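Every read-out reported here was derived from the displayed coordinates using simple, explicitly stated rules and does not represent laboratory data. Computed from a predicted structure; not experimentally measured. Neighbour counts run over all protein chains shown; Cβ positions are idealised from the backbone, glycine included.
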Amino acid sequence: MAVIFLASGSAVAQADFPEAVSSTVTNENGPLEATSLWVVVDLFTGRKSSKQAKIVRDKLVDLGVGGTPIILSYSSVSVENITSLHPAFLALSPNGIPWCKYRGRNRTDLDNFLSALRVIIEKMDIPVIGICGGHQALPLAFGGKVGPINGGEDDCLPYKHKPTEKGRHDIQVIAKDPIFTGMGKSLNLVENHFDEVKRLPPGFLHLARDGLSLYQIIKHPTKPAYGVQAHTEYFYSGRPDGGTLLRNFIKIVWQHNRIAHRGPVKQMGDPVPVRNNRLGAEKS
């Protein structure tokens, strides 16, 4: 099996990291340009891809995202690697331990990833959506603060501490944005988190909130980079809001990449109707 070596020195099997090809596709709005690759960034520590990162990938595929998905550990994400891949977008997965517990090599890798993420969003103009822990990574990358729900922004508490936010919750939309297209003022989403965003970076937009964790959905001030505290990858046909948010993000990606003239490859596809998803959310 062929192996591709990333700029950071890590290796990925060719079957998991196929070469991008170029072609032009069209939809009802005319030619649409998009890269064939999109990346799920696995924010869990460890050598193997986490279950949560795989679920995010699979749910996006189920929603009709075409092209070629790959999962990369946050430790493998650099400006050089993303420049080589030129992905249509990045989805940041949930994480598995408090951010303050990333120590040693994990801490160094995390700091490098967060520095690269700023460049990826602001200079490379690549859309990003962060889910649960991935949502929290956005403000961390831009100078915001994340801490335990029952603590201060500089506290470091293990996940067993209460309160936590679990189960289905109604999230209140407080600002207009294309991410809410076709949705109401109240969204029903699956939550499962111990940490929360304590302080937004300067200029970041606050789009939705609830009574326990204030910053439920956020956005970069000028770029298509979103954070959603809830687990949008868990949804049902009868409660589709998580899937609808993801579908709307993919439409935003389409529109943004068409204007940005990214390397044309393969149509990512119009999202399909929401399917039942009976998996339970894990903590992040």
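Could you order peptides 177-183, 215-221 by the average number of other Cβ atoms within 10 Å of their residues, highest first? Show your work: numbers first, answer last.
Working: 177-183: 14.7, 215-221: 22.4.
Final packing ranking: 215-221, 177-183.
In whole Å, what is the distance between the alpha-carbon centres of the range 99-135 and the range 238-259? The distance from the Cα centre of the range 99-135 to that of the range 238-259 comes to 22 Å.
In µm²/s, what is D for the range 22-260 at 20 °C and 1.002 mPa s, where D = kT/(6 pi eta Rh) by Stokes-Einstein and Rh is the Kirkwood radius from Cα pairs?
Numbers: Rh = 17.9 Å.
The diffusion coefficient I find is 120 µm²/s.
If we sort 138-146, 111-119 on the protection proxy, mean other Cβ atoms within 10 Å, highest first, what's the order?
138-146, 111-119
Counting other Cβ atoms within 10 Å as a rough exposure proxy, the listed residues Leu72, Leu43, Leu63 run Leu63, Leu72, Leu43 from fewest neighbours to most.
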